[in-house]
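Down below is the structure, laid out as structure tokens.
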Amino acid sequence: MATAITTMVTQDGGSVLVFCGSKRNVRATALAIAATRGARTRGVDPDDLARLHQICTSVGVGIHYKDWDRKREAERDFRDRTLDVLVATTTVAAGVNLPARAVVVRDTEIGLNDLNVATVQQMFGRAGRIGAGETEGWAYLITDETERAAWQAQLVAGYTVTSRIADSLADHLLAEAAQDRIHTVADAENWWRRTLAYHQGTHHLQPVHAAVELLIENGYLTPATRPDN
């Protein structure tokens, strides 16, 4: 299925990121895609890394995982579209800007662990992201029919990030003060207003005042302006 989707998208001039749950699956999938593009892959061992790289890149297919020596080269070539397919583990799911026309999640397990919705959403976020000439995006999750309904429900429900900064607010304020970014209570209030917790509904200033008081009482801070001034 991953090879069929890849063929469909690239024939229309698009680029594809294929996510796999293991390095072995990355290599095997890259070879399978290369074969659909006319590469001579018969008899090639996926563990023959030099041959694997030569065959796959010759037909525009890149490989990316933690221990892959050429992963930076693959990132660069995928960005400039020397490669229009990149087969990877979750090493590029977050923190690496690699826009693509389509994202294909081939596996719903990473090693022995089930893939979670947050990671899938991170992967899907590469589809249609501005950059590298892409203007639209499509995301595909390949799963067993018995798991299809469960995945559909999870993806529709989504994953919400909830701030936990209030649990250790005093520590965060002390760190900001130590880095010379907060000098007064007014500074602390302005900093609090820019946090995720504030925008998620904690719109009053009591938590930051309580944290400042705690730091004062324990001798960590001497504010220029007290919370009740």
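Annotations
- Any hit, region 170-184, residues being modelled with pLDDT under 90 and more than 32 Å from the chain's Cα centre (by Cα): yes
- Flag for Asp80 being surrounded by 17 or more Cβ atoms within 10 Å (Cβ to Cβ) and either at pLDDT 85 or above or on the phi > 0 side of the Ramachandran plot (or both): no
- The selection criterion, being closer than 30 Å to Gly14 by Cβ and in a loop (DSSP other than H, G, I, E, B), does not hold for Arg181.
- Residue pairs whose Cβ atoms lie under 6 Å apart, separated by 6 or more positions or on different chains, with the first residue in region 111-122 and more than 16 Å from Ser22 (Cβ to Cβ) and the second among the polar types (S, T, N, Q) and open to solvent by 50 Å² or more (accessible area, probe 1.4 Å), are Val117/Gln154.
- Looking across region 1-26, the residues that are open to solvent by less than 30 Å² (accessible area, probe 1.4 Å) and not small (Gly, Ala, Ser) come down to Ile5, Thr6, Val9, Thr10, Val16, Leu17, Val18, Phe19, Cys20, Val26.
- For region 29-59, filtered to residues that are in a helix (DSSP H, G or I) and among the hydroxyl-bearing types (Ser, Thr, Tyr), the residue that is surrounded by the fewest Cβ atoms within 10 Å (Cβ to Cβ) is Ser58.
- Scanning region 176-199 for residues that are closer than 14 Å to Leu215 by Cβ and exposed (fewer than 12 other Cβ atoms within 10 Å of the Cβ) yields a single hit, Ala178.
- Among the residues of region 206-216, those identified as modelled with pLDDT of 90 or more and open to solvent by 40 Å² or more (accessible area, probe 1.4 Å) are His209, Ala210, Glu213, Leu214.
- Test: residue in region 153-163 that is buried (at least 17 other Cβ atoms within 10 Å of the Cβ) and modelled with pLDDT under 90: no
- Selection within region 119-141: residues that are among the aliphatic types (A, V, I, L, M) and surrounded by 14 or more Cβ atoms within 10 Å (Cβ to Cβ). The member of this set that is farthest from Glu75 (Cα to Cα) is Leu141.
- Filtered residues of region 184-197 (kept if in a helix (DSSP H, G or I) and farther than 11 Å from Leu169 by Cβ): Val185, Ala186, Asp187, Glu189, Asn190, Arg193, Leu196
- Single residue of Arg76, Arg27, Arg40 found to be of a type outside the set (Val, Ile, Thr), without any contact (Cβ under 8 Å) to a residue 12 or more places away in the chain and farther than 24 Å from Trp151 by Cβ: Arg76
- Single residue of Ala166, Ala88, Ala150, Ala102 found to be free of Cβ contacts under 8 Å to residues at least 60 places away in the same chain and either within 30 Å of Arg194 (Cβ to Cβ) or crowded, with 20+ Cβ neighbours inside 10 Å (or both): Ala166
The values are calculated or read from the model by the stated rules, or taken from the named source; none is laboratory data. Computed from a prediction, not measured in an experiment: that's the story for all the values here. Here Cβ is always computed from backbone atoms with ideal geometry, including for glycine, and neighbour counts include all displayed protein chains. Just so you know, the surface numbers come from the protein's heavy atoms only, side chains and all, with ligands and any DNA or RNA stripped out. Shrake-Rupley method; radii C 1.70, N 1.55, O 1.52, S 1.80 Å.
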